[in-house]
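The values are calculated or read from the model by the stated rules, or taken from the named source; none is laboratory data. Predicted model only: the values in this text are computed from it and were never measured. Cβ: placed from backbone, ideal geometry, glycine included. Neighbour counts: every protein chain shown. Side chains are part of the model used for accessible areas, which takes the heavy atoms of the whole protein and leaves out ligands, DNA and RNA. Shrake-Rupley method; radii C 1.70, N 1.55, O 1.52, S 1.80 Å.
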Amino acid sequence: MSRSLLVVVTIFIQLISHDGFFVVSLASKTCSAKTEDCNLAEVDAAHPKLFMLDGVEVGHVQEVKLEEGRVHQLITKSLKPLLFEIPEFLSDEECEHIIKLAGKKGLFESTTLPDHEDHSAYSDEEKNENCKDLLSNDRDSDGKISTVEFSTFIKQEFSMSVSDADVDMMLRKINFDRDSDGLISEKECLKGNHVAFDKYMRYLEDNHPRERTRLSKQTWLRVTGSTDLVLRDLQRRQEKVIQLTKLPQFFIENSEDLQVVQYGVHGHYHAHYDSTNEWNGEASRCCFGNYSDNCSLCRFMTVLYYLNDVKRGGETAFPVADEKNINQTEIEKEDRTNLSIHCYDANVVVRPARGKAVMWYNHMISNVTGLLGTHDVRSLHGGCDVLEGSKWIANNWINAPFEWKEDS
């Protein structure tokens with residue numbers, strides 16, 4: 001189906017009715033029977049807008065009819081980020097089939113460390129760039145990098161979660177802290193052994209995989225346009241969820257393929273953000289309909305599917321959900337993103353169960369554009385350690401731009 005025809009099809013009115021609740025949807029403009037000022041305004045089909053559900057309150061349960069002959073529960077888990085749980089969204093057969101397809105295609109390790117082509121030496125220009133990146137983590141603006149600030153740098157650049165003791169040992173081995181005061185100045189950084197630092201990080205990844213921010217295997221499955229009957233049915237299910245959230249089909253068609261991830265024992269993904277956390281205007285381009293290395297991942301929503309029951313562990317945790325005040329420095333200092341340690345003291349912890357879907361918003365909606373707005377810092381989330389057995393999940397990201405361009 002051509003995109004232009006698809007847009008026309010999405011304008012067709014959808015009617016969902018159950019227990020006094022119904023939604024009338026005209027592309028991105030949707031009204032509820034419980035809303036007195038229901039107004040079906042004209043919709044710009046070429047430039048659709050985003051919409052966000054009302055979670056009402058934590059624990060609120062909505063019964064929604066997403067397919068003929070079956071009612072699902074939409075359970076509000078938090079309001080910031082707006083987070084829902086949908087039990088038994090996928091059938092056992094669908095879960096098994098997705099796992100089978102992923103295995104057939106082949107999973108690859110989710111590595112995060114880039115290779116440095118020349119392991120013998122770094123140029124002065126490369127050292128300057130590395131030190132500039134390191135000093136950008138100088139949170140207290142004292143001109144030096146502390147152990148905590150160095151740990152933050154390692155998490156950002158190498159996706160490794162290291163302890164203060166690890167950092168202290170590393171700094172001694174690579175001779176960055178020349179005066180042994182526990183602080184790294186720009187001068188010390190420039191004189192430091194950058195090759196030794198890279199080798200030490202590679203050593204940690206190879207010999208201490210639990211210290212990686214992410215320990216898993218993954219692959220990607222093409223859902224849109226797939227000839228596989230189960231994947232096509234999964235796409236239809238996703239579309240019904242999008243209709244429920246009042247999002248037009250246009251956004252699905254320009255979103256990413258289905259990511260399937262497998263975690264073994266100790267497998268985890270420390271707390272992170274799925275989406276770009278700031279907008280730089282012309283300097284940044286969203287990967288909307290055209291995914292490459294030169295664009296940012298602008299993920300309005302995440303829909304995560306659990307594909308199996310996990311014997312023990314493997315929860316999805318939201319450390320700062322519904323937290324009134326967010327102090328990024330304190331979060332880093334307390335290492336709350338390390339879910340190997342802080343999984344069960346996170347504000348929201350969702351237990352995996354085969355077929356369950358978890359859905360949340362990574363961004364607010366801009367009052368100006370009706371598209372991506374402020375990044376929701378409370379959408380910080382991750383996968384806790386699998387303690388026994390294995391965990392299979394699939395991620396469906398719904399993408400949107402910050403603004404429409406002329407060629408959009």
Evaluate the following for I326: is it assigned to a loop (DSSP other than H, G, I, E, B) and farther than 22 Å from Y263 by Cβ?
yes
Cβ-Cβ distance below 6 Å, separation of 6 or more or different chains: which pairs start in segment 184-203 with a residue that is under 18 Å from V148 (Cβ atoms) and end on one that is open to solvent by less than 30 Å² (accessible area, probe 1.4 Å) and assigned to a strand (DSSP E or B)?
I184/I145
Which ones in segment 380-391 are crowded, with 24+ Cβ neighbours inside 10 Å and out of contact with any His (no Cβ under 8 Å at 6 or more places or on another chain)?
K391
Six or more apart or on different chains, Cβ atoms under 8 Å: show the pairs whose first residue is in segment 285-297 and at positive phi and of a type in the set (D, E) and whose second is modelled with pLDDT of 70 or more and part of a loop (DSSP other than H, G, I, E, B).
none
Just give me the residues in segment 129-167 being of a type in the set (S, T, N, Q) and touching a helix residue (DSSP H, G or I) at 6+ places or on another chain (Cβ under 7 Å), in sequence order.
N130, N137, T147, S151, T152, S161
Out of (1) of a type in the set (V, I, T); (2) within 29 Å of L339 (Cα to Cα); (3) free of Cβ contacts under 8 Å to residues at least 40 places away in the same chain, what's the single condition that is false for V368?
(2)
Residue hits (segment 378-408; over 21 Å from Y305 (Cβ atoms) and modelled with pLDDT under 95) are P401, F402, E403, W404, K405, E406, D407, S408
Could you check segment 332-352 and list, in sequence order, the residues that are open to solvent by 20 Å² or more (accessible area, probe 1.4 Å) and either under 15 Å from L247 (Cβ atoms) or among the hydrophobic types (A, V, I, L, M, F, W, C) (or both)?
I341, V349
Could you list, in sequence order, the residues of segment 76-94 that are more than 25 Å from V230 (Cα to Cα) and buried (at least 19 other Cβ atoms within 10 Å of the Cβ)?
T76, K77, S78, K80, P81, L82, L83
Give segment 49-104 a look and list any residue that's in contact with a strand residue (DSSP E or B) (Cβ under 9 Å, 6 or more places away or on another chain), closer than 26 Å to N367 by Cβ and assigned to a strand (DSSP E or B), or say none.
Q62, L74, T76, K77, S78, L82, L83, F84
Take the residues in segment 277-330 that are among the aromatic types (F, W, Y) and open to solvent by 50 Å² or more (accessible area, probe 1.4 Å), then tell me which one is modelled with the lowest pLDDT.
W279
Among the candidates G55, G103, G59, residue that is small (G, A, S), loosely packed, with under 12 Cβ neighbours inside 10 Å, within 26 Å of the chain's Cα centre (by Cα) and at pLDDT 90 or above
G59
Being within 18 Å of K49 (Cα to Cα), among the β-branched types (V, I, T) and touching a strand residue (DSSP E or B) at 6+ places or on another chain (Cβ under 8 Å): is that true of I365 here?
yes
Scan of segment 353-368 for residues that are open to solvent by less than 40 Å² (accessible area, probe 1.4 Å), out of contact with any Lys or Arg (no Cβ under 6 Å at 6 or more places or on another chain) and part of a loop (DSSP other than H, G, I, E, B), ordered by number
A353, G355, K356, S366
Can you tell me how many residues in segment 129-155 are open to solvent by less than 40 Å² (accessible area, probe 1.4 Å) and either under 25 Å from the mean Cα position of the chain (by Cα) or without any contact (Cβ under 8 Å) to a residue 12 or more places away in the chain (or both)?
9
In segment 72-87, what residues are of a type outside the set (K, R) and in contact (Cβ under 8 Å) with a residue 60 or more places away in the chain?
L74, S78, L79, P81, L82, L83, F84, E85, I86, P87
Filter segment 201-231 down to residues that are at pLDDT 75 or above and either crowded, with 16+ Cβ neighbours inside 10 Å or under 24 Å from the mean Cα position of the chain (by Cα) (or both), then give me how many there are.
12
